[in-house]
Amino acid sequence: MDVADALRVLGLSAAPDWSDVRAAHRRAIVRTHPDAGGSAGDAARVNQAFDLLRKISGDGERPIRGGAPAPPTAPVPGPRSTCPDQLIADDDPVELLLRMADAAHEVGEVVFVDPHDGMLEVIVGDPPGVGQLTATVDEATPDGVPVSFTLEPLGIAPAPSIHEIVEELMALVRRRRRSAPRRSPEAGESPR
């Protein structure tokens, strides 16, 4: 999700002020919340849009740009960057994604996790050099679990290096895997 998508999800036009963003979020979450007849997926998307706008605006301290072309004096963010796919020695894509989501809290702000579709989105960097890291975890193969990464710049300055962020994230994931004992139920024992 980029800024234009977030604005669209909340029903806002380009360059809204922070009070408009907060009011639009409240209206949208009331409309999409499962308790009001909406769906959990729609409500999550509304919250994801709000979280993205909150992060890139510094909780409303900076103007939100991105729904419309930037003024000619503003630097243009760089293109989306990718990292070569990685093959992680693991046999459970869902557990790998959840470990990645847990570790991602140390490298940025987790804004979306979908274990069913194998997707993780994290806002990384510090304004004005903010980006959205998207990790896609595929089905396990005999050699491991393939993971691909992209980094979409969101700020007006270049986003952090995708290679450095992926390296840091995967080092944290490896540490968590080594430190978390894998326990399987004994014969006759039921899982709790």
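All of the numbers you see were taken from the coordinates with simple rules; none came from a lab. The structure displayed is predicted, hence computed values, not measured ones. Quick reminder, even Gly has a Cβ in these numbers, built from the backbone with ideal geometry, and neighbours come from all protein chains shown.
Structure notes:
- The Cβ shell under 9 Å around GLN132 holds other residues with a net charge of -3, Lys and Arg each +1, Asp and Glu each -1.
- Residues SER57, SER179 arranged by fewest to most Cβ contacts within 10 Å: SER179, SER57
- Other residues within the sphere of radius under 14 Å centred on the Cβ of LEU169, judged by their own Cβ, net out at -2 (K and R +1, D and E -1).
- Counting Lys and Arg as +1 and Asp and Glu as -1 over every other residue whose Cβ lies under 14 Å from the Cβ of ASP117, the net charge comes to -3.
- Residue by residue, region 107-123 carries 3J(HN,Hα) couplings of 10, x, 10, 6, 10, 7, 9, 10, x, 5, 8, x, 10, 9, 10, 9, 7 Hz when phi is fed to the Karplus relation 6.51 cos²θ - 1.76 cosθ + 1.60 (θ = phi - 60°); x denotes Gly or Pro.
- Over region 81-179, relative contact order from alpha-carbon pairs under 8 Å, at least 6 apart, %: 32
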